[in-house]
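Following: one structure in structure tokens, then a few remarks.
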Amino acid sequence: MTRNIIIENATIVTPEGRSARKGEAMASVKVIENATLVARDGKITFVGPMAEMPQLQKEEYEVIDAAGRAVLPGFLDSHTHLIFGGFRPDEFEWRLKGDSYMSIMERGGGIQSTVNATRTESVEDLTAKAQWFIDRMVQMGVTTVEAKSGYGLNTETELKMLEAIRRLSDDPEQKLRVVATFLGAHAVPKEYKGRTAEYVDLMIKEMLPAVKGKAKFCDIFTEKNVFEIEDSRRFLKAAREAGFQLKLHADEIVTLGGAELAAELGAVSADHLLHVSDRGVEEMAKAGVVATLLPLTAFTLKEPYAPARRFIDHGAAVALATDLNPGSCFSGSIPLTIALACIYMNMSIEETITALTLNGAAAVGLADTTGSLEEGKDADVIILDYPNYRMLPYYVGMNCVNTVISQGRIVSKNN
Ligand code: NIG
Ligand code: FE
């Protein structure tokens, strides 16, 4: 299988750069009509007007005629809980009847219920189930997914989840890139109820050394009655010392100061941020922490959307992701994410594209490798059904991705 591709007659649409685009720079997306993209051995070697294309041995390449359609970087889903046992449709219905996410969690449901199911499932079953979701993500244009552990909450099961992520990532047939995050600090497990500090000790002394080298990021659910600021700071500092890059679930349910903590500790991203304070926005912008916003979760929980405009207007970098998980947001829909960002978060389609590509790449530390169509980057490319990229939010909640190319290989084609 060659990873040599030529895409002709393309309308190239891409942000540019090797780091997150911040503030008003998020809106500038380069458009090249009558363009060609060339990739060799999975890496982009040329992007530009067809007339300037270098001389090539065309028979060594798979040639795709885009027929004028829009060609964009593949999307990054930079925040998912892809690995989990069981499902929680009962909780979804309780919430529809007025129950709240946190009250279900406090009663021993929520995350703990998925922990119970995950502890009993085999690594093979967890891997196969995640692959089912991956196959559907790819059809929507996702070429990189971040996957968190966090439904083990003991060393053995956290390692089992990271092993499932490793198998997905290392599968030579895998259709996308998988980035691993350790989320042992997703909740205090029932065995440690009322003993949060002891669970933090366990994570620091036992789990961090055990998962080192198996995850790039360390994440935490910084929330009232889960891990509050002092426990979060202590854990994240230890994780940073152990060599992990940091992420936080911050200010999701109440305003707690998670955004400020992310800025203080130099986290790569803080995520959710539905209830971020004004100071949190400013400090994240100043510290260059990517604000990863997850509109599908706000939608599912019937909560207010995160203040995307406030972040952008303060010069911060915003990324968008799905938060796919069995509880607060059982959806991995990229089309609906795009629609909600544009319709309810007042992001322009150009800002939305940047948020799902280059800034998503920055949120997983890969802005140098993917997230834009530029020479030297991996050929993670999608071809839409239409020439006009503005169809993306307008075709509400519907998929207009036609062809998906991942590191130079065609991995999905919808006819
Ligand atoms: O990102 N808020 C914490 N974690 C997840 C939900 C996990 C679950 O409910 O299973 C989130 O929303
Ligand atoms: Fe999450």
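Results for (1) surrounded by fewer than 24 Cβ atoms within 10 Å (Cβ to Cβ); (2) in contact with a helix residue (DSSP H, G or I) (Cβ under 9 Å, 6 or more places away or on another chain), shown as yes or no for each residue.
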{"residue": "Ile343", "(1), (2)": "yes, yes"}
{"residue": "Met347", "(1), (2)": "no, yes"}
{"residue": "Ala355", "(1), (2)": "no, yes"}
{"residue": "Ala379", "(1), (2)": "no, no"}
{"residue": "Tyr394", "(1), (2)": "yes, yes"}
{"residue": "Ile405", "(1), (2)": "no, no"}
{"residue": "Ser412", "(1), (2)": "yes, yes"}
Given (1) among the polar types (S, T, N, Q); (2) out of contact with any Pro (no Cβ under 7 Å at 6 or more places or on another chain); (3) within 16 Å of ligand 1 (Cβ to nearest atom), index of the condition Gln55 fails: (3)
Qualifying positions in the range 329-351 - in contact with a Lys or Arg (Cβ under 9 Å, 6 or more places away or on another chain) and within 15 Å of ligand 2 (Cβ to nearest atom): Phe330, Gly332
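Can you tell me which residues in the range 192-218 are basic (Lys, Arg) and not in a helix (DSSP H, G or I)?
Lys193, Arg195, Lys212, Lys214, Lys216
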Filtered residues of the range 216-243 (kept if under 20 Å from Lys205 (Cβ atoms) and among the basic types (Lys, Arg)): Arg233, Arg234, Lys237, Arg240
Total residues in the range 181-220, condition without any contact (Cβ under 8 Å) to a residue 40 or more places away in the chain and within 16 Å of ligand 2 (Cβ to nearest atom): 3
Checklist (1) within 16 Å of ligand 1 (Cβ to nearest atom); (2) crowded, with 24+ Cβ neighbours inside 10 Å applied to Pro326, failing item: (2)
Test: Glu91 is crowded, with 16+ Cβ neighbours inside 10 Å, assigned to a helix (DSSP H, G or I) and of a type outside the set (Val, Ile, Thr): yes
Residue check, Glu158 in contact (Cβ under 8 Å) with a residue 24 or more places away in the chain, of a type outside the set (Phe, Trp, Tyr) and within 16 Å of ligand 1 (Cβ to nearest atom): yes
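Where a number appears in this text, it was derived from the coordinates with a stated rule and is not lab data. These numbers were taken from a predicted model, which means no experiment stands behind them. Cβ sites come from the backbone with ideal geometry, for glycine too, and all protein chains shown count toward neighbours.
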